[in-house]
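Values in this text are rule-based calculations from the coordinates and carry no lab data. Computed from a predicted model, the values in this text were never measured in an experiment. We place every Cβ from the backbone using ideal geometry, glycine too, and count neighbours over all the protein chains shown.
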């Protein structure tokens, strides 16, 4: 790691400081400094004219598969993919094998991540083995390093258990992240319920399967005073509930993923298993509602829900295929399209992909303030490239965006002042 780095002529975008200007950023001994050091002549200089300098991107929803399914992804490969996508930190879901429902698994994840290309924040399970029967030990997991709680991949069906989870989590000042799905409605479904699912002869999942559970989570958050975060929001109905709850002062935050504001159910045509996910891709009306919610603040964050699978789980009949796609190396590019299309501005993008995830999870980052650890992402908004799943750093190649022509990407990623990815 270079002792002194000068990032010069770049556009510094830091919403946390309401800063948007062409200026230099200095990194000394892995920390951001706000003025030119006396030994500036010894600096490694990067001329970043035309590029953006932003706080390191944070993805608050990824699946790293380790322990237990290392053939799909490891913490190391997932972090390399994250760095290539401009991410300096990721929060990993607990649906590993074994489930991260105790301090031993939490510590293992952190030990594996210690020398990786991104910071890893483990998210612990709400219930033991994520089976929805008994609460896990939240205090034990928090002490080991867990930053939030979820049974992601499975909803907590028992409302009383979820109420107790929120109360227990609040006592430990931990966030509950909800996988909002009413399984009685989604059971047997594999894509959005509508005309297209009927035409394709596939079982459908109505938007109500999401919105009913979102309503429950909001009601329980209101009852308990707990903080709740709604993961991977996909539908207009759910957004309306979240918007209204926020207006009432309920402590609810929410995220969506790039595939929900980029694609619709039409991506499933041809029984494309790379477009199969849960919740499913929905209608154009839902897609437009998500874009509007990113603009008006109803949605707080963009997360990838990075879910690597092997060909064994994807190259099968559509109804048997695993849910999920990889997304760490396409998220930023797909999100930058929102700026070109006039949906949001650059500062809002940084808020959605860095500042808000840091604040929601209660972790470091999200700002380029003097004295902060130098987790920094440099973005070239004009860089055009064709995304190749085969050449990506992730073990998972399951993406509907393979071969897409994209514009804008991370070209330099710093983790504590150390370069973890460079493509200048």
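Structure data summary
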item: DSSP beta bridge pairing in the chain, given as percent antiparallel to the nearest 5; result: 50
item: Ascending count of other beta-carbon atoms within 10 Å, so fewest first, for 276, 134, 251; result: 134, 251, 276
item: Extension gain (nm, one decimal) between residue 248 and residue 41, 0.36 nm per residue minus Cα-Cα; result: 69.1 nm
item: On Cα atoms only, tilt of 75-84 relative to the major axis of the chain in degrees; result: 60
item: In degrees, nearest ten, helix 103-113 long axis to first principal axis of the chain (Cα); result: 40
item: Order of 302, 53 - criterion: other Cβ atoms within 10 Å of each residue's Cβ, fewest first; result: 53, 302
item: Computed lengthening from residue 222 to residue 339, 0.36 nm per intervening residue step minus Cα-Cα distance; result: 38.7 nm
item: Computed [θ] at 222 nm, helices only, for the chain once each DSSP H run of length n ≥ 4 contributes -39500 (n - 2.57); result: -8000 deg cm²/dmol
item: Relative frequency of Cα-Cα separations exceeding 15 Å in segment 367-424, percent; result: 61
item: Spacing of the two label points (7 Å from each Cα toward its C-beta) at residue 71 and residue 104, in nm; result: 2.4
item: In range of the label at residue 115: residues from segment 397-424 whose backbone nitrogen is under 19 Å from the point 7 Å along Cα→Cβ; result: 415-421
item: Residue 33-residue 129 FRET efficiency (beta carbon distance; Förster radius 41 Å; 0.05 resolution); result: 0.30
item: Label-point gap, in nm, between residue 160 and residue 370 - each point 7 angstrom along Cα→Cβ; result: 5.7
item: Nearest-ten-degree value, helix 331-340 long axis tilted from longest Cα axis of the chain; result: 80
item: Ranked list, fewest to most other Cβ atoms within 10 Å of each Cβ, for 310, 392, 159; result: 159, 310, 392
item: log₁₀ of I(q)/I(0) at q = 0.16 Å⁻¹ - segment 57-361, Debye sum with one point per alpha carbon; result: -1.41
item: Gain upon complete extension [residue 320, residue 384; 0.36 nm per residue less C-alpha separation]; result: 19.5 nm
